[in-house]
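**Q** Here it is, the structure in full.
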Amino acid sequence: MTGKGFYSLVVCASFAAGVGFCLFGLGDAIYYPHFRNHALRANGVISDLVREEDKGNVYHCPAFSFQTPDGHGYKVTSSNCLNSSEFSVGQAVSILYKPSDPTDAYIDSPGQFSSVARWDFKMGAFALLIVVPLFWFARRSGIPIRWLDGWSS
């Protein structure tokens, strides 16, 4: 692969990533309100704050337990981890869960629902912002951007 072919590949991959993340963000922005409207509620309690580290950043993932009306108990660790925890161990929280799969549960908190969609949109916007100067440079330099027919030249 030549330098121009590689450059074309980077522009196309950045564009695809930007569009993809924006679409995921849009999907999340549509799914979570739908989930909220169709979920069942339960009283729960924060049972643990799972500490995770990533590149020097510390995140707290709230683990919570709750019981469904039929007496089954569930413990779920949130996938929406925050830099600083808005929760404390032993705190009572309202839980929203999918009736057909109670392990698909979320703490009924704005931070727990909106963080995923915002992250996807931010990543998409960042990737698309990278594409603009790359595409502009390619056009100014006479580098052809090959979208679907390969990157061999």
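**Q** Answer yes or no: is there a residue in the range 119-139 that is open to solvent by less than 80 Å² (accessible area, probe 1.4 Å), farther than 30 Å from Gly5 by Cβ and out of contact with any Leu (no Cβ under 9 Å at 6 or more places or on another chain).
**A** Checked against the condition, which is being open to solvent by less than 80 Å² (accessible area, probe 1.4 Å), farther than 30 Å from Gly5 by Cβ and out of contact with any Leu (no Cβ under 9 Å at 6 or more places or on another chain), the range 119-139 yields no hits at all.
**Q** Now for a different question. May I ask you to say which residue of Asp28, Asp54 is out of contact with any helix residue (DSSP H, G or I) (no Cβ under 9 Å at 6 or more places or on another chain), at pLDDT below 85 and among the acidic types (Asp, Glu)?
**A** On the way: Asp28 fails: out of contact with any helix residue (DSSP H, G or I) (no Cβ under 9 Å at 6 or more places or on another chain).
Criteria check complete, one pass: Asp54.
**Q** Further, regarding this structure: Just the residues that are small (Gly, Ala, Ser) and either out of contact with any helix residue (DSSP H, G or I) (no Cβ under 8 Å at 6 or more places or on another chain) or open to solvent by 40 Å² or more (accessible area, probe 1.4 Å) (or both), please, taken from the range 76-86. Before you say what the answer is, go through the steps one by one.
**A** Initially, the range 76-86 is screened for residues small (Gly, Ala, Ser), giving 78-79, 84-85.
Answer for the range 76-86, where residues must be small (Gly, Ala, Ser) and either out of contact with any helix residue (DSSP H, G or I) (no Cβ under 8 Å at 6 or more places or on another chain) or open to solvent by 40 Å² or more (accessible area, probe 1.4 Å) (or both): Ser79, Ser84, Ser85.
**Q** Just checking, which of Gly73, Gly20 is open to solvent by less than 40 Å² (accessible area, probe 1.4 Å) and of a type outside the set (Lys, Arg)?
**A** Gly20
**Q** Kindly provide the set of residues from the range 1-25 that are of a type in the set (Phe, Trp, Tyr), in contact with a Phe, Trp or Tyr (Cβ under 8 Å, 6 or more places away or on another chain) and farther than 12 Å from Ala127 by Cβ, ordered by number.
**A** Phe6
**Q** Name the residue, out of Pro62, Pro102, that is surrounded by 17 or more Cβ atoms within 10 Å (Cβ to Cβ) and in contact with a His (Cβ under 8 Å, 6 or more places away or on another chain). Write out each step before concluding.
**A** On the way: Pro62 fails: in contact with a His (Cβ under 8 Å, 6 or more places away or on another chain).
Testing whether each residue is surrounded by 17 or more Cβ atoms within 10 Å (Cβ to Cβ) and in contact with a His (Cβ under 8 Å, 6 or more places away or on another chain) leaves just Pro102.
The values are calculated or read from the model by the stated rules, or taken from the named source; none is laboratory data. Quick caveat: nothing in here was measured; it's all calculated off a predicted structure. Note that we place each Cβ from the backbone using ideal geometry, even for glycine, and neighbour counts take in every protein chain shown. Remember, those area values only see protein heavy atoms, side chains included, never the ligands or the DNA or RNA. Shrake-Rupley method; radii C 1.70, N 1.55, O 1.52, S 1.80 Å.
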